[in-house]
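For reference, the structure discussed in these notes is given below.
Laboratory data are not the source of any read-out in this text; all were calculated from the coordinates shown. The structure displayed is predicted, hence computed values, not measured ones. Every residue, glycine as well, gets a Cβ built from its backbone with ideal geometry; the counts of neighbours run over all protein chains shown.
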Amino acid sequence: MAVNQELIAKGFKKLLILLGLLIASPILLTISFKALKLYKEGAPFYISIFGIVFSVLLIFFTLYFGYKTFKTFLDALFSDKS
């Protein structure tokens, strides 16, 4: 049972990106909620709303990207190709 080295390397690159996303997305969500609490009207209010929507979408993308990353690792470990 051989391990596909190209897929493992690709998986580790994706894992590093995933780690950055796992750190950045909750921090952005927290900052956006604090800005929403601070600003009640005007342009900063709409920017904070945009930040919340963007960070929620980023969290969903992070979950999807995590699934794809671990699927890459599984394909590398359990593939029939040498």
>> Take residue 37 and residue 23, extend 7 Å from each Cα along the Cα→Cβ direction, and tell me the distance between the two endpoints in nm.
In response: 2.4 nm
> Applying 1/(1 + (r/R0)^6) with R0 = 41 Å to the Cβ-Cβ distance of residue 30 and residue 71, what FRET efficiency is obtained, to the nearest 0.05?
Replying inline: 0.90
>> Let's see if you can work this out: charge +1 on each Lys and Arg Cβ, -1 on each Asp and Glu Cβ, no other charges. What is the dipole magnitude of the chain about its Cα centre, in debye to the nearest 20?
In response: 140 debye
>> From the P(r) of the chain, could you give the percentage of C-alpha pairs in the tail past 14 Å?
In response: 67 percent
> Taking Cα atoms, how many degrees apart are the long axis of helix 43-78 and the longest axis of the chain, rounded to 10 and kept between 0 and 90?
Replying inline: 10 degrees
> Within the range 15-64, which trypsin sites (Lys or Arg not before Pro) sit in a loop by DSSP and count at most 14 neighbouring Cβ atoms inside 10 Å?
Replying inline: 40
